[in-house]
Amino acid sequence: MTMPMRRLPRSPVVEFGDNILRGIGQVMLQNNPISGLLFLAGLFVSSWQAGVYALFGTAVATATARLLGAPAASVSSGLYGFNGALTGIGLATFLHHDLTLLAYVAIATMSVTVVTAAIQDSIGAKGYPLTGPFIVTTWIFIGGVYAFAGVLNAALDSPHLPKSPPSVHVPLGLGDIVTTVLKGVAQVMLQENVWTGALFLTGIAVGSRITAAAALIGSIVALALAWALGARPDLIRAGIYGFNAVLTAMALGGVFFLLHPRIIVVTVIAVCFSTILYGSLAAILRPMGLPALTAPFVITVWLCLLARASLPRLGELSPTAPGTPEENLRTTRPSASNQT
Amino acid sequence: MTMPMRRLPRSPVVEFGDNILRGIGQVMLQNNPISGLLFLAGLFVSSWQAGVYALFGTAVATATARLLGAPAASVSSGLYGFNGALTGIGLATFLHHDLTLLAYVAIATMSVTVVTAAIQDSIGAKGYPLTGPFIVTTWIFIGGVYAFAGVLNAALDSPHLPKSPPSVHVPLGLGDIVTTVLKGVAQVMLQENVWTGALFLTGIAVGSRITAAAALIGSIVALALAWALGARPDLIRAGIYGFNAVLTAMALGGVFFLLHPRIIVVTVIAVCFSTILYGSLAAILRPMGLPALTAPFVITVWLCLLARASLPRLGELSPTAPGTPEENLRTTRPSASNQT
Amino acid sequence: MTMPMRRLPRSPVVEFGDNILRGIGQVMLQNNPISGLLFLAGLFVSSWQAGVYALFGTAVATATARLLGAPAASVSSGLYGFNGALTGIGLATFLHHDLTLLAYVAIATMSVTVVTAAIQDSIGAKGYPLTGPFIVTTWIFIGGVYAFAGVLNAALDSPHLPKSPPSVHVPLGLGDIVTTVLKGVAQVMLQENVWTGALFLTGIAVGSRITAAAALIGSIVALALAWALGARPDLIRAGIYGFNAVLTAMALGGVFFLLHPRIIVVTVIAVCFSTILYGSLAAILRPMGLPALTAPFVITVWLCLLARASLPRLGELSPTAPGTPEENLRTTRPSASNQT
């Protein structure tokens, strides 16, 4: 019941393909290859470069993990692959494709496997690296662009000191709302495309309808808050304020914590926190030339997981985390589960 | 003997009021409501906004801790409240009061309780979060100002790159010394007011005369060192170089370490270190638009507490920490205590 | 056999001199006084100020460790001294010598001992602080320069935002290669001098020929990679891209990991990672006015040591770390060892 797909004995090539698709699926917390395939389709709809580098990054990170002796269960459920996928997409978004970039991404995605293992060991068996390894590795290799710009071909915003933008409160039309909410989902993998967002949402729903609903609600709450706080309308419209909220809502709303009325309230507040944290981190990191990426999501979820020991009513940990909310609920209610 | 005040059974309202006053008292390491009341008076003398936001922040943080099931002893001794008080004051100092700010501070002071629990759990049972949760939360919500300036009304210095100021060595008059030393104490809660400093010092002396003496000595040592190193005279006069030294002197000089001639030498050196660290951190964080707050104090005390295992002669840990130095000395010398 | 030098009973002065020379030796992972003496000679060849401040920093840090009760074995093998040596050299490199600097360095090198103990206790018995304490302490005291420039006399580059330099790919001549490789070794102690590099290399070879070979290979790989990535030729020629690679190659190539064909591949990739990380960190930290120092080395080695638990085929930990590669190999092959 905790296995989303039956696994038959199969050839190493099929096995490796399955690892890669699950790796891409895990970017949105989905441990199944169909979700991974839909996410990949979403990437290619937006940019062939994003799709190719996602595949390349996942493959290099997964192969490195195997070569260095990582536990087979972690590798085959995609836990080493998804940070490789994101690192590949991230570098391909901020740099132009050529052979130098391919070599640069190869070193980065080999490194991300070591960073994943190091973070895993630092935070202990009960913690989750989440997208932390992607963030650390991408920051390092984006920072390198300023030193190696003679060869690397960057498309980065100019670093600048934090400054207060003029007071703008341009109204967003009703039509904007649907596209913004979907772009918020697409931006989890750094894409600004409505159809990508729709495919991502479909891929999530294949694994868990609850998580898909959480993603939607997270994107809507973030849009409303960013608008109410007067954030830059162009950034809101591009979905920039949405992706950390989407990830936070999915992670807290049923995956790492057991679904329950109280955790829904906590999740909504955490989504607000992660949205403010995005605005804050983006400004704070700008002078260093670094994007905030999904750091607000990781920080928010880590804070909630760590705080739980002292604040037990924050929520109950899921028994099969990071399984789907549906699995978690079934496992906790054995009698109901037995009846089905 | 370890209880500063007898506790009778009382109504939830009185209990909550007591929690809040102890919370404000804990900003200066005093677990008693009289100290808290004097600190609150000091805040109102300087700025009604500081007083109101301190009460609001303490109340929200304390209520959140109760709702989320924090241990009753921690809540009632004010350990969840004081970071809420500081976060409220901090945001009210850097932003102008209006209803948006109130909502923003409400989210921040709910968050600070989760951050407190997360830091507590990360550093283990023997560590102390000190004002770390205030620092992290206030940095996040001040950083947010650069993204949400359309709505939030900031009074922040412009971020700028570190630069070497011209060599100025304006002599401070004797009259400046008394006011500067008192302002150093007042700046612990971000106020620049002599009477506030005097009320704070009185509030500390209510709990412990030794700690009040440590605060004074810390402020004097910092003033002397900052002057000798040629720091900006306007910052020295405003007490800016004093508050981390005051906190460091109070914490190391009898509260977390047992009072002893050697720890006095260590404390004076640590006060010098925290003063230099303040100048350093203020410069390093300026490009990101962030103030140093009490980070130098937290870093200095954490370094000393962590180093103790390898450097045992650094000092002996207090048996009732964070009790008052007087309690700690009594507890360690049972025979002397029995005779009184 | 694990003792590089026989230790006879001797006077406290000789003992303290031995501690200091081993402290300087440990900068390059050599626990023997002859290496320390050769390193010291290398420093004086480049700059008397570097030599004097290295001695002063090692002496203050070692004396502080003794006074505060550090374990005798750690003190006498130089583990408290080498971060003091580097802190002294570092501050003397970025600031001009006068009596104020001497006092400033005295506080810094007392502090570095407490920082060493604190890092040691944070990372646990199996971790190594490496040059982490030097980095933290030097950042703090360099940051202070921007606040205390009225008195301290700095020779720091102006802080600036990361920017992409123009595409330059000036060819390095064959003659440049030898001098650059040696300067890469000299820059481990912040010197840009060929003879210093040669003396350092000799000092390393006294302790271990394998480590000397690793240092050379590290410097060559870094030169090749930095050149291929189009880094600034003046920085390459000064050895700036070499020193983190040299340290990483020495540490991973036989000292902390047991020498083995696989670890050689891992080390070469890690050397590439640390070289890219240097370029990145130097850019990211520039707005704050801070140099990258040896942080890329520390981060790279910590990542590899931490990752080992999940990635066992990364390499086998050395049994006598941080002993020499030769000792480690002998200890692991007892039969071979018995025959000699």
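Count of the stretch C:88-146 residues, restricted to those that are part of a loop (DSSP other than H, G, I, E, B) and β-branched (Val, Ile, Thr), is 1.
Taken over the stretch B:10-49, the criterion of being over 21 Å from B:Ala70 (Cα atoms) and aromatic (Phe, Trp, Tyr) is satisfied by B:Phe39, B:Phe44, B:Trp48.
Kindly establish whether A:Thr267 is crowded, with 24+ Cβ neighbours inside 10 Å, among the β-branched types (Val, Ile, Thr) and closer than 18 Å to A:Leu130 by Cα. When the stated conditions are applied, A:Thr267 passes them. Looking at the stretch C:15-69 only, could you name the residues that are within 14 Å of chain B (Cβ to nearest Cβ) and either assigned to a helix (DSSP H, G or I) or in contact (Cβ under 8 Å) with a residue 12 or more places away in the chain (or both)? Residues satisfying the conditions are C:Val60, C:Ala61, C:Thr62, C:Ala63, C:Thr64, C:Ala65, C:Arg66, C:Leu67, C:Leu68.
Scanning the stretch B:35-45 finds one or more residues that are surrounded by fewer than 24 Cβ atoms within 10 Å (Cβ to Cβ) and more than 17 Å from the chain's Cα centre (by Cα).
For the stretch B:319-340, the criterion of a residue being within 11 Å of chain C (Cβ to nearest Cβ) and not hydrophobic (A, V, I, L, M, F, W, C) is satisfied by no position.
Among the residues of the stretch C:92-100, are any under 27 Å from C:Asn32 (Cβ atoms), facing another protein chain (nearest Cβ under 9 Å), in contact with a Gly (Cβ under 9 Å, 6 or more places away or on another chain) and small (Gly, Ala, Ser)? So far as the stretch C:92-100 goes, no, none of its residues is under 27 Å from C:Asn32 (Cβ atoms), facing another protein chain (nearest Cβ under 9 Å), in contact with a Gly (Cβ under 9 Å, 6 or more places away or on another chain) and small (Gly, Ala, Ser).
Yes or no, residue by residue, for (1) assigned to a loop (DSSP other than H, G, I, E, B); (2) in contact with a helix residue (DSSP H, G or I) (Cβ under 8 Å, 6 or more places away or on another chain); (3) closer than 25 Å to B:Leu152 by Cβ:
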position	(1), (2), (3)
A:Val268	no, yes, yes
A:Cys272	no, yes, yes
A:Leu277	no, yes, yes
A:Ala292	yes, yes, yes
A:Asn328	no, yes, no
A:Thr331	no, yes, no
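Condition first: surrounded by fewer than 24 Cβ atoms within 10 Å (Cβ to Cβ), more than 10 Å from every other protein chain (Cβ to nearest Cβ) and in contact with a strand residue (DSSP E or B) (Cβ under 9 Å, 6 or more places away or on another chain). Can you find one or more residues in the stretch A:118-141 that meet it? Within the stretch A:118-141, one or more residues are surrounded by fewer than 24 Cβ atoms within 10 Å (Cβ to Cβ), more than 10 Å from every other protein chain (Cβ to nearest Cβ) and in contact with a strand residue (DSSP E or B) (Cβ under 9 Å, 6 or more places away or on another chain).
Of the residues making up the stretch A:147-159, those that are in a loop (DSSP other than H, G, I, E, B) and at the interface with another protein chain (Cβ under 7 Å from one of its Cβ atoms) are A:Ala147, A:Phe148, A:Ala149, A:Gly150, A:Val151, A:Pro159. Entry remark, the stretch A:210-222: residues being more than 12 Å from A:Gly253 (Cβ to Cβ) and not hydrophobic (A, V, I, L, M, F, W, C) number 1 in total.
The set of residues in the stretch B:289-315 being under 13 Å from B:Ala251 (Cα atoms), facing chain C (nearest Cβ under 7 Å) and aliphatic (A, V, I, L, M) consists of B:Leu303 alone. Starting from residues that are surrounded by 16 or more Cβ atoms within 10 Å (Cβ to Cβ), touching a residue at least 40 places away in the same chain (Cβ under 8 Å) and among the basic types (Lys, Arg), keep the ones in the stretch A:279-338 and report whichever is farthest from A:Ser77 (Cα to Cα). Taking the candidates together, the pick is A:Arg286.
Note on the stretch B:72-107: among residues that are over 24 Å from B:Gly323 (Cβ atoms) and without any contact (Cβ under 8 Å) to a residue 40 or more places away in the chain, the one that is surrounded by the most Cβ atoms within 10 Å (Cβ to Cβ) is B:Gly88. Considering the conditions (1) surrounded by fewer than 24 Cβ atoms within 10 Å (Cβ to Cβ); (2) at pLDDT below 95; (3) assigned to a loop (DSSP other than H, G, I, E, B), B:Ile177 is excluded by exactly one of them, (3).
The values are calculated or read from the model by the stated rules, or taken from the named source; none is laboratory data. Everything quoted here is computed from the prediction, not taken from an experiment. Every residue, glycine as well, gets a Cβ built from its backbone with ideal geometry; the counts of neighbours run over all protein chains shown.
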